[in-house]
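Q: Got a structure here, written out as structure tokens. Questions coming.
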Amino acid sequence: NNLFISYIELFKNYNFHIFLMNSFFVSIVTVLITLLFSIPGAYAVAKLRFPAREWLSSSVLLIYLIPAIILVIPLYSVFRQLGLRNTLFGLCIVYPATTIPVALYMLRGYFAGLPSELDDAGLMDGLTRWQIIIKISIPLAIPAIASVALYVFMIAWNEFLFAFMFLDDIKIFTLSRGIVSLDSTEVPRQHLMAASVVATVPVLFIFLWFEKFLVSGLTSGSVKG
């Protein structure tokens, strides 16, 4: 009992489950929005021909040349005026804006490696580009999509800077923001350590769960290719 008492008190006295639920919500929404935009975007960059395609393909990661701390102040001002500061919805806007470029970059390489003959065959069968993406490209890209989804989830799960600057209400704290709030003289140090352990467990289980999709997706892709 003494071994788990810190974990029990963490959820009982400090409402740590709220932080977990908030982080799950924000992370899952971030993954869904990121995939919704990055999959068709990566397919377009990899397979379609249009003006400035090469420039767009090589510039998607330029956002990472800008430190996040520089973006915090203007975003803080804009979100405060729009009423989005101190809301989870605000984080669900900011996080995808930072994860879509890297997701698009990662998926672009995978889509570019898929045989173009598959797209040509789909067009000859009367499929639209959207149907080709849904029925052909996505099933073959399951390993890449699973990897990107896991990577984006971990980014949103562990993000601290924007959560720290935007969130003030403890009821909507995400996990990283909530753990920092526990770092005080009023909270026993073992509770903070327990919180850090709990924060890593969901990511571990999600990784183990995604592993079967990675393996099955690689096998399926090799057979279909």
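Q: Once the Cα atoms of the stretch 109-170 are picked out, what are the Rg and Dmax in Å?
A: Radius of gyration, then largest Cα-Cα span, for the stretch 109-170: 18.3, 56 Å.
Q: On a full-extension model of 0.36 nm per residue, what is the gain between Leu127 and Ile73, subtracting their alpha-carbon distance, rounded to one decimal in nm?
A: Numbers: separation 54, 0.36 × 54 = 19.44 nm, distance 4.61 nm.
Between Leu127 and Ile73, full extension yields 14.8 nm more.
Q: Which whole DSSP H helices in the chain pass both tests: a Cα extent of 30 Å or more along the axis and a mean Kyte-Doolittle value no lower than 0.5?
A: Qualifying helices: 16-47, 88-112, 189-224.
Q: Now for a different question. So if we plug the beta-carbon distance of Phe37 and Val201 into 1/(1 + (r/R0)^6) with R0 = 35 Å, what FRET efficiency do we get, rounded to 0.05? Provide the component values of the computation, followed by the final result.
A: Details: r = 30 Å, r/R0 = 0.85.
Using R0 = 35 Å, I get an efficiency of 0.75.
Q: For Met21, tell me the accessible area in Å² from a 1.4 Å probe, rounded to the nearest 10.
A: Spelled out: Met21, probe radius 1.4 Å, area about 110 Å².
Q: Filter the trypsin sites (Lys or Arg not before Pro) in the stretch 55-163 down to the DSSP loop ones having no more than 12 other Cβ atoms within 10 Å, then list what survives. Before the final figure, lay out each step's value.
A: Working: sites: Arg80, Arg85, Arg108, Arg129, Lys135; in loops: Arg85.
Taking the stretch 55-163 and a limit of 12 other Cβ atoms within 10 Å, no loop trypsin sites (Lys or Arg not before Pro) are found.
Q: Average the reciprocal distances over every distinct pair of alpha-carbons in the chain, invert the result, and give the Kirkwood radius in Å. Mind showing how you got there, number by number?
A: Numbers: mean 1/r = 0.0509 Å⁻¹.
Value: 19.6 Å, from the Cα pair sum.
Q: Between Asn86 and Ile63, how many nm apart are label points set 7 Å from Cα along the C-beta direction?
A: Here the modelled spin labels are 2.7 nm apart.
Q: In the neighborhood of Val180, defined by Cβ-to-Cβ distances under 15 Å, what is the net charge if each Lys or Arg adds +1 and each Asp or Glu adds -1?
A: Working: positive: Arg177, Arg189; negative: Glu159, Asp168, Asp169, Asp183, Glu186.
That works out to -3.
Q: If you don't mind, there's one more thing I want to ask. Solvent-accessible area of Leu71, probe 1.4 Å, all protein chains present, reported in Å² to the nearest ten, please.
A: 50 Å²
Q: Another one. Round to the nearest 10 and report in Å² the accessible area of Asp169, as given by a 1.4 Å probe over the protein chains' heavy atoms.
A: 60 Å²
Q: Shifting gears a bit: For Ala97 and Ile5, what is the calculated FRET efficiency with R₀ set at 41 Å and r taken between the beta-carbons, to the nearest 0.05?
A: Numbers: r = 41 Å, r/R0 = 1.01.
My answer for the efficiency is 0.50.
Q: Something else: Taking Cα centroids, how far is the stretch 112-151 from the stretch 53-75 in Å?
A: 27 Å
Q: Net charge near Ala163: determine it from the other residues with C-beta under 13 Å of the C-beta of Ala163, scoring Lys and Arg +1 and Asp and Glu -1. Before the final figure, lay out the partial values.
A: Values: positive: Arg85, Arg177; negative: Glu159, Asp168, Asp169.
Net of charged neighbours comes to -1.
Q: Hey, with R₀ at 35 Å, roughly what FRET efficiency would Ser116 and Leu161 work out to, going by the Cβ-Cβ distance, to 0.05?
A: Working: r = 41 Å, r/R0 = 1.18.
Approximately 0.25, to the nearest 0.05.
Q: Would you compute, from DSSP H runs of 4+ residues alone, the mean residue ellipticity of the chain at 222 nm, taking -39500 (n - 2.57) per run and dividing by the full residue count, rounded to the nearest 500? Don't jump to the answer; show the numbers that get you there.
A: Values: 11 runs with 168 residues, N = 225.
Per the formula, -24500 deg cm²/dmol.
The values are calculated or read from the model by the stated rules, or taken from the named source; none is laboratory data. Quick caveat, the model's predicted, so the values are computed rather than measured. As a convention, Cβ positions derive from the backbone with ideal geometry for all residues, glycine included, and neighbour counts pool all protein chains shown. To get the accessible areas, we keep the full protein, side chains included, count just its heavy atoms, and leave off ligands, DNA and RNA. Shrake-Rupley method; radii C 1.70, N 1.55, O 1.52, S 1.80 Å.
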